[in-house]
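Visitor: Input: one structure, supplied below.
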């Protein structure tokens, strides 16, 4: 088994904090990962209450924001990958939010 594979198995989230600027994920192995929420446009456009309504997926392999339909894999976060959502998809999502208000 490669060492990178074994490291990714250890990369499990146990807690998440989201501010206006940052996504902070505490891992079970003691590391804390920080990323700008600019990497995740749905978090940028969310109300604080929506940002704070998250749940862990699996054993902590990912984080889900059900109200935002946003999922972030811890492995992708560690690799420095932001949202892969297209601009047209984000625009459609934003348009849907405006009609709900």
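Visitor: Select, from 2, 8, the only residue that is surrounded by 15 or more Cβ atoms within 10 Å (Cβ to Cβ), at pLDDT below 95 and more than 25 Å from residue 95 (Cα to Cα).
Guide: Among 2, 8, only 8 is surrounded by 15 or more Cβ atoms within 10 Å (Cβ to Cβ), at pLDDT below 95 and more than 25 Å from residue 95 (Cα to Cα).
To keep it simple, each residue is scored yes or no on (1) part of a loop (DSSP other than H, G, I, E, B); (2) surrounded by 15 or more Cβ atoms within 10 Å (Cβ to Cβ).
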site: 14; (1), (2): no, no
site: 17; (1), (2): no, no
site: 20; (1), (2): yes, no
site: 46; (1), (2): yes, yes
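Visitor: Can I ask one more? Restricting attention to segment 55-78, which residues are part of a loop (DSSP other than H, G, I, E, B) and either within 21 Å of residue 89 (Cα to Cα) or touching a helix residue (DSSP H, G or I) at 6+ places or on another chain (Cβ under 9 Å) (or both)?
Guide: Result: 60, 61, 66, 67, 68, 69.
Visitor: I'm checking my understanding of the structure. Among residues of segment 51-82 that are under 16 Å from residue 28 (Cα atoms) and out of contact with any strand residue (DSSP E or B) (no Cβ under 7 Å at 6 or more places or on another chain), which one is surrounded by the most Cβ atoms within 10 Å (Cβ to Cβ)?
Guide: So the residue we want is 75.
Visitor: When you look at residue 42, is it surrounded by 17 or more Cβ atoms within 10 Å (Cβ to Cβ), at pLDDT 95 or above and either assigned to a loop (DSSP other than H, G, I, E, B) or under 13 Å from the mean Cα position of the chain (by Cα) (or both), yes or no?
Guide: Here the answer is yes, as residue 42 does meet what is asked.
The values are calculated or read from the model by the stated rules, or taken from the named source; none is laboratory data. The structure displayed is predicted, hence computed values, not measured ones. Ideal geometry is used to build each Cβ from the backbone, glycine not excepted, and the neighbour counts take in all protein chains shown.
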